[in-house]
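All remarks here apply to the structure that follows.
No lab work stands behind these numbers, since they all come straight from the coordinates. Computed from a predicted model, the values in this text were never measured in an experiment. Cβ sites come from the backbone with ideal geometry, for glycine too, and all protein chains shown count toward neighbours.
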Amino acid sequence: MVMKIKPRKYVAVQESGGGRSVFFPFGIYGSQTNAEPAQVSSWVSMHSEDPTNLGANSDRSIRFAVLQQAIKHMALLPDDHTLHVDAEAAERASSILAVISQNFSVKPPKVMPQDGEGVVFTWDYGDLKRYLTVEEDDLDVMDLNKRLGVKCVHDVAHDMTVFEKLVELIGAPPASSTTMDADA
Amino acid sequence: MQIVTALVISVSEVERFVMALWESQSVQFVWFLPDVTNVRADQIYLLVTGDEAEIVQRNKVPGPANPLLGLASGTRGARAYQVQLQPGRLDVVVSPAETQDLDDAMPLMDTAAILADIESRAGEVSAAVGPAVRLSVVANLIKPEVDEQAATRAFLDVTEYELGYSDVRDPILQVNRRKALQDVDVQINRVMRFGVAATQHFVFQMIPQVGMHSGATPISKQSFGTSLTLDFNTVPTGRLIEAVEQGIIFRQLIAETLRVGASVSPKALGD
């Protein structure tokens with residue numbers, strides 16, 4: 001018996017999704033005749049840009065993906081772990097980070113837990129260090145002048161205008177393109 | 001200084017512009033969302049195509065190797081649909097289904113037809129996903145040419161570069177001009193990106209061996225074309241766009257995409 005490999009579907013080469021992956025969805029079944037070579041085809045775009053405008057392989061996208069992964073893992077840690085964060089706070093922090101990263105030209109922050117009840121994002125701008133603290137029901141931005149030791153705290157209400165206020169506070173330029181790589 | 005003009009376009013004008021519109025390599029609709037917790041890629045695929053997806057993947061902990069929370073894809077006729085969900089955004093991408101014949105021309109789609117089809121389903125998607133931070137329509141248009149030199153000459157022609165020579169490589173022109181939409185307090189980015197695209201079609205002739213993929217002989221063919229990416233998206237301010245408002249915005253994004261796309265000139269942003 002000769003086994004014949006027949007493609008049920010063409011090979012799909014996916015540029016999006018963070019890494020290049022190739023699916024080979026073959027069905028294998030028996031045949032009593034000589035097998036014909038199976039043909040599997042694939043279009044590969046050699047365009048100078050990501051045709052899906054996801055930009056998922058850029059350094060910026062990868063760094064934000066690492067942060068998203070870190071937040072998810074922090075929520076999965078045991079309650080008594082020093083890096084543990086409540087699931088609800090982690091979910092909100094993940095959403096806010098996603099909105100910031102996908103729509104505004106900000107560089108990836110550093111991330112750390114806040115007493116198990118929140119997530120803190122930090123950015124360094126020279127003498128200024130900015131803290132964005134996200135808890136389940138609270139959100140605030142604190143700017144610290146490291147040289148002078150002066151702090152400025154802004155509370156952001158938890159309502160429908162939360163993103164408008166946040167955008168005003170962080171002062172990040174809005175995105176122009178669907179992929180942030182052209183702007184960042 | 002940002003110059004903002006009002007968008008005024010009639011249906012008859014759209015129909016006239018469609019005649020000159022290049023075909024598409026892909027068309028993409030994007031909802032940038034504040035919360036994707038309750039969004040399912042396979043459900044969105046069903047809303048967009050009216051059918052169940054062929055491939056469905058879910059990922060609880062996205063990371064660099066796979067940043068997607070969900071993926072649903074499938075083929076319907078000559079079109080391939082892919083719904084991708086990741087933190088902060090939902091992408092619906094339509095592209096031509098792949099072909100096994102090397103003699104086939106570069107697979108392209110009727111741009112206006114795709115945009116109209118997805119727009120007719122976008123309302124249901126908006127109702128399912130809720131408020132959005134930003135909306136986007138992206139069309140990757142291609143005009144096939146016989147070779148790279150011809151595609152480059154066509155690029156120089158449509159962009160009206162007057163360099164005095166045409167043997168350039170890797171040309172690209174990107175320009176953005178914002179515009180205010182009608183009836184909604186929203187501005188849009190109108191990003192036009194001209195370039196030269198090369199597409200390679202691989203065929204792997206598999207020599208059958210049980211349980212193995214060895215023995216494949218790749219054959220390939222390159223196709224060239226002048227490309228124009230139209231990336232029209234709302235300017236994010238942090239304000240949430242409710243589902244009802246999303247329909248008004250998508251209609252105007254599509255109308256403007258058709259108008260500017262049909263002109264095939266950066267001067268179209270003058271209006």
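Results, tabulated for the structure shown:
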{"read-out": "Where labels lie 7 Å past Cα in the beta-carbon direction, separation of B:Q200 and B:V168 in nm", "value": "2.5 nm"}
{"read-out": "Karplus 3J(HN,Hα) series, Hz, for the range B:134-150 with 6.51 cos²θ - 1.76 cosθ + 1.60 (x for Gly, Pro)", "value": "7, 10, 8, 10, 10, 10, 9, 8, 9, 10, x, 10, 5, 7, 5, 5, 5"}
{"read-out": "The range A:95-108 - phi-based ³J(HN,Hα) in whole Hz, Karplus 6.51/-1.76/1.60, Gly and Pro as x", "value": "5, 5, 4, 5, 4, 4, 6, 8, 10, 9, 7, 10, 7, x"}
{"read-out": "Overall Cα dimensions of the range A:95-184, principal axis frame, Å, largest first", "value": "37, 31, 22"}
{"read-out": "Potential extension, B:K221-B:D51 segment - 0.36 nm per residue separation minus Cα distance", "value": "57.9 nm"}
{"read-out": "Positive-end extreme of charge dipole, the range B:36-187 - chosen from B:V94, B:G164, B:Q149 (charges on Cβ)", "value": "B:V94"}
{"read-out": "Longest DSSP-loop-exposure-free segment, GluC sites (Glu not before Pro), chain B, at most 15 other Cβ within 10 Å", "value": "B:53-159"}
{"read-out": "Cross-link table A:K72/A:K151; A:K107/B:K221; B:K143/B:K179; B:K60/B:K221, entries beyond 32 Å C-alpha to C-alpha", "value": "A:K107/B:K221; B:K60/B:K221"}
{"read-out": "222 nm mean residue ellipticity, helices alone, for chain B (DSSP H n ≥ 4; -39,500 (n - 2.57); rounded to 500)", "value": "-8000 deg cm²/dmol"}
{"read-out": "Long-range amide H partners of A:A175 with built H, under 5 Å", "value": "A:F104, A:S105"}
{"read-out": "Whole-number percent relative contact order across chain B, with pairs defined as alpha carbons under 8 Å at least 6 apart", "value": "25 percent"}
